[in-house]
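*Asks:* Quick one: the structure is below, questions incoming.
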Amino acid sequence: MRSRITPMLLAAPLAAVLLLSACAAVENGSGQPSASASPDAASTTTATEPITGAPGDPLTAEQAKQLNGQRGTLRPYETSDGSFIIVDMQQPLPELVRQEVAQAIGAVGNDTGSSGSEMLAQSAATGKTIVLIRRLQTSNDAGQNITTWASMSEARAFPFGVQGDSAESVISRIQPWVDAQNNPAQFEIIVVDD
């Protein structure tokens, strides 16, 4: 009994494969299998060339989509005009990207929560860990309005509360911390002056 069932079970999948092949041949009206069914056509549409380039080089939308799935340090960054350029997580961001990141964070205002959310969004977009240095209008204990510069980052063990009277003074105090990290190139210091 067992030997009779086995051929029948094998015959059903074989019949389905033959039926599908016949349908493909009929669809193109030639009686021959369609070109899309050929092994050569399938292999050329799935094979892709690795994308290489320097930070700041332009990408097409298709290249950006492909690059987004590649491993390595290169990433596509979509600029405000909808074009794409290459960023490298281990290299400084191209100046255009630095400006756009600063503008995007600055546009949400001085609210710490909104700034933090936008900073995380820009970190995801660039592949970099952003250290934000921004100018803040605040008041001192006497109620006088003052301008100060402060730093913030979502990096683990980041030294919060570093402030100064200029962006440069804050950077000079934060840079040694960045340099002491396991991968300093992963960090990008962005200054927002709004």
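*Asks:* Restrict the check to the range 154-165 and report whether at least one residue is at pLDDT below 90 and either of a type in the set (Gly, Ala, Ser) or under 23 Å from Glu78 (Cβ atoms) (or both).
*Replies:* Here is the first cut: in the range 154-165, the residues at pLDDT below 90 are 160-161.
Checking which are either of a type in the set (Gly, Ala, Ser) or under 23 Å from Glu78 (Cβ atoms) (or both) leaves us with 161.
Yes, the conditions are met somewhere in the range 154-165.
*Asks:* Just checking, does the range 51-74 include any residue being under 24 Å from the mean Cα position of the chain (by Cα), of a type in the set (Ser, Thr, Tyr), in a strand (DSSP E or B) and at pLDDT 80 or above?
*Replies:* Our first condition is that a residue be under 24 Å from the mean Cα position of the chain (by Cα); within the range 51-74, this holds for 51-74.
Within this subset, residues satisfying the condition of being of a type in the set (Ser, Thr, Tyr) are 52, 60, 73.
Pick out the ones that are also in a strand (DSSP E or B) and you get none.
Taking every residue of the range 51-74 in turn, none turns out to be under 24 Å from the mean Cα position of the chain (by Cα), of a type in the set (Ser, Thr, Tyr), in a strand (DSSP E or B) and at pLDDT 80 or above.
*Asks:* Contact list please: Cβ distance under 6 Å, first residue in the range 38-62 and closer than 19 Å to Thr73 by Cα, second residue part of a loop (DSSP other than H, G, I, E, B) and at pLDDT 50 or above, pairs at least six apart or on different chains.
*Replies:* Note: pairs meeting the criteria are Pro55/Gln91; Pro55/Pro94; Gly56/Pro94.
*Asks:* For the structure I just gave you, tell me whether Phe84 is modelled with pLDDT of 95 or more, over 24 Å from Asp179 (Cα atoms) and not aliphatic (A, V, I, L, M). Break it down stepwise before answering.
*Replies:* Details: modelled with pLDDT of 95 or more: yes; over 24 Å from Asp179 (Cα atoms): yes; not aliphatic (A, V, I, L, M): yes.
Here the answer is yes, as Phe84 does meet what is asked.
The values are calculated or read from the model by the stated rules, or taken from the named source; none is laboratory data. As the structure is a prediction and not an experimental result, all values here were calculated from the model. For neighbour counting, all protein chains shown are included, and Cβ atoms are generated from backbone atoms with ideal geometry for every residue, glycine included.
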